[in-house]
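> Encoded as structure tokens, here's the structure I'll be asking about.
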Amino acid sequence: MTAMLLPTRRVAKPWGRRKLWPGFDDAARDEGPIGEIWFSSAQSDDPELLVKYLFTSEKLSVQVHPDDEAARARGYPWGKDEAWLVLAAEPESTIALGPKRPVSAEELRAAAEDGSIVDLLDWRPVKAGDFIYSPAGTVHAIGAGLTVVEIQQNLDLTYRLYDYGRPRALHLDDGVAVSSLEPFNGSVSTARAGLLADGPKFTVERFEGGDHAIDLQGGTGWLVPVTGVGQVQGQQLQAGQCWSLTGRVELSLGPQATALLASPGPARR
């Protein structure tokens, strides 16, 4: 029955921003644009999940992540499913999710090589409050003008297929090999109280104001206060934090507060 506030790690990115999100300090004069803030787990050197905030001023690379089988073939413990909660979005912001139509591996590679992959992808409009679960193998790209909470399997392995001419390595052989060649069959949904994602790799639940008893049944959860203030195990919490939870935990959220809880595997029944 523990609740531990996790430390943060700021990561500069070429597509990041200098002005961040309430709860985070803006980029200092001696920092580059901040693209990500990671919350480091205090429970394990190799936690199953990782929580980040993303701040975008430009489109991220077109990329894909391996599933468990492909990652383990390379010596990693698991693949990388991801989920995103959009906190803020400029009017024209989009996220690309898979191709618009079925493609062949050869067509996907050729499109990545000549840049036409940008037009091949299904760019979906997003707004504040939208939630997306992106399984491993989904070719995707997060667009500009977004503030996003990202929950993912803890794998730092990204295969870039296209990067708008930025001087970073591409991984066409590996990326095409693990890419789904069919249109994305998930959805962009509005986040509401209750279960947002039900595994199989992890679950995401949304809590609103009031008192909640969380029973992790011996496992670990990641609690992300999104708006407002509250308490967890008698400790003050607020937006911009992430807490590591174990066991049975008491959560109290203020009237306008919301929070996400992520935990590995399927939902607790």
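> Test each condition in (1) at pLDDT 95 or above; (2) within 27 Å of Leu195 (Cα to Cα); (3) of a type in the set (Asp, Glu) for Glu92 and report the one that comes out false.
Glu92 satisfies every listed condition except (2).
> Right, here's the next one. If you scan segment 2-17, which residues turn out to be free of Cβ contacts under 8 Å to residues at least 60 places away in the same chain, aliphatic (A, V, I, L, M) and under 30 Å from Gly219 (Cβ atoms)?
Val11
> While we're looking at this one, here's another question. Among the residues that make up segment 98-109, is at least one of them assigned to a helix (DSSP H, G or I) and out of contact with any Leu (no Cβ under 7 Å at 6 or more places or on another chain)?
yes
> Which of the residues belonging to segment 50-82 are hydrophobic (A, V, I, L, M, F, W, C), buried (at least 23 other Cβ atoms within 10 Å of the Cβ) and over 10 Å from Leu146 (Cα atoms)?
Those that are hydrophobic (A, V, I, L, M, F, W, C), buried (at least 23 other Cβ atoms within 10 Å of the Cβ) and over 10 Å from Leu146 (Cα atoms): Val51, Leu60, Val62, Val64.
> Evaluate the following for Ala110: is it of a type in the set (A, V, I, L, M) and in contact (Cβ under 8 Å) with a residue 12 or more places away in the chain?
Against the criterion (of a type in the set (A, V, I, L, M) and in contact (Cβ under 8 Å) with a residue 12 or more places away in the chain), Ala110 does not qualify.
> Among (1) touching a strand residue (DSSP E or B) at 6+ places or on another chain (Cβ under 7 Å); (2) crowded, with 19+ Cβ neighbours inside 10 Å, where does Ala193 come up short?
The one condition Ala193 does not meet is (2).
> If I filter segment 33-49 down to residues being at pLDDT 95 or above and not aliphatic (A, V, I, L, M), which single residue comes out as farthest from Ile151 (Cα to Cα)?
Pro33
> Of the conditions (1) within 22 Å of Thr147 (Cα to Cα); (2) in the same structural domain as Gly98 (by TED's automatic domain parsing); (3) under 22 Å from the mean Cα position of the chain (by Cα), Leu237 clears all except one; give me its number.
(2)
> Is it the case that segment 116-130 has a residue that's at pLDDT 95 or above, surrounded by 17 or more Cβ atoms within 10 Å (Cβ to Cβ) and within 20 Å of Ala73 (Cβ to Cβ)?
no
> Can you tell me which residue among Val149, Val126, Val224, Val232 is in contact (Cβ under 8 Å) with a residue 40 or more places away in the chain and touching a Cys at 6+ places or on another chain (Cβ under 6 Å)?
Going through Val149, Val126, Val224, Val232 in turn, just one is in contact (Cβ under 8 Å) with a residue 40 or more places away in the chain and touching a Cys at 6+ places or on another chain (Cβ under 6 Å): Val224.
> Looking at (1) at pLDDT 95 or above; (2) assigned to a strand (DSSP E or B); (3) surrounded by 14 or more Cβ atoms within 10 Å (Cβ to Cβ); (4) not small (Gly, Ala, Ser), can you tell me which one Gln241 breaks?
Among (1) at pLDDT 95 or above; (2) assigned to a strand (DSSP E or B); (3) surrounded by 14 or more Cβ atoms within 10 Å (Cβ to Cβ); (4) not small (Gly, Ala, Ser), the lone unmet condition for Gln241 is (2).
> Assess whether Glu208 counts as being farther than 19 Å from Phe39 by Cβ and either modelled with pLDDT under 90 or in the same structural domain as Trp123 (by TED's automatic domain parsing) (or both).
Judged against the criteria, Glu208 is not a match.
> Related question: Which residue is surrounded by the fewest Cβ atoms within 10 Å (Cβ to Cβ), if the candidates are limited to segment 146-165 and must be over 15 Å from the mean Cα position of the chain (by Cα) and within 28 Å of Ser263 (Cα to Cα)?
Looking at the filtered set, the residue picked out is Arg160.
The values are calculated or read from the model by the stated rules, or taken from the named source; none is laboratory data. For clarity, every value in this text was computed on a predicted model and none was experimentally measured. Heads up, the Cβs are rebuilt from the backbone with ideal geometry, glycines too, and the neighbour counts pull from every protein chain shown.
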